[in-house]
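Data first, discussion second: the structure below is written as structure tokens.
The values are calculated or read from the model by the stated rules, or taken from the named source; none is laboratory data. The shown structure was predicted, so the numbers you read here are calculated from the model rather than taken from an experiment. Note that we place each Cβ from the backbone using ideal geometry, even for glycine, and neighbour counts take in every protein chain shown. With ligands, DNA and RNA removed, areas are computed over all heavy atoms of the protein, side chains included. Shrake-Rupley method; radii C 1.70, N 1.55, O 1.52, S 1.80 Å.
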Amino acid sequence: MGKKSTKTDKNIYFQAREEAGFTRAEAADHMEAFSDSRIEKIEYGDMTPLPEDVLTMAKAYKRPDLCNYYCTHQCAIGRQSIPEVKLSSLSEITLQTLATLNELERKKDRMIEISADGQITEDEYADFAVIQEGLQKISMGVEALKLWVNKAITDGSINQDKLNSVKESMKKK
């Protein structure tokens with residue numbers, strides 16, 4: 001077994017490997033076409049991982065959040081178009097999403113007024129911005145829930161086959 005690192009400014013990939021309990025050599029054994037030197041280069045920032053590298057690490061380390069991190073921090077397109085999602089509990093995600101839905105329900109009539117003529121007039125911008133922010137919060141809630149589900153599947157607390165079976169039976173109805 002390798003020695004424990006004393007490096008203090010570890011990037012997310014370094015932290016994820018250590019949290020998974022792997023040395024670099026053990027991690028490389030769990031990832032096809034990865035060497036421990038490649039892992040070290042990624043962890044020390046000497047090499048930016050490719051998207052497929054991140055997918056492989058996310059699977060090996062059971063950390064689906066690595067994919068969102070990569071997209072929001074290292075991908076030029078993702079930095080502009082994908083929101084960063086943090087892992088949180090199911091109850092926190094649910095409560096935040098429901099609170100935002102309730103807030104938007106109260107703004108529903110105003111949204112109808114604003115959109116009825118197909119334009120946003122000067123006096124509508126402030127209300128439209130509030131509604132747009134609420135919709136962004138809903139979007140974040142959806143992304144957070146997707147990440148939570150992926151993590152729960154990875155951890156084994158959700159049976160993916162059973163979930164997929166239920167989804168398929170719902171489609172047939």
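Annotations
- Helices (runs of 4 or more DSSP H) within region 1-94 that include 1 or more residues over 20 Å from the mean Cα position of the chain (by Cα), of a type in the set (Gly, Ala, Ser) and buried (at least 17 other Cβ atoms within 10 Å of the Cβ): 24-30
- Verdict on Glu143 being within 17 Å of Asn68 (Cα to Cα), part of a loop (DSSP other than H, G, I, E, B), open to solvent by less than 90 Å² (accessible area, probe 1.4 Å) and out of contact with any Lys or Arg (no Cβ under 8 Å at 6 or more places or on another chain): no
- Residues that are open to solvent by 60 Å² or more (accessible area, probe 1.4 Å) and β-branched (Val, Ile, Thr) within region 96-119 comprise just one, Ile112.
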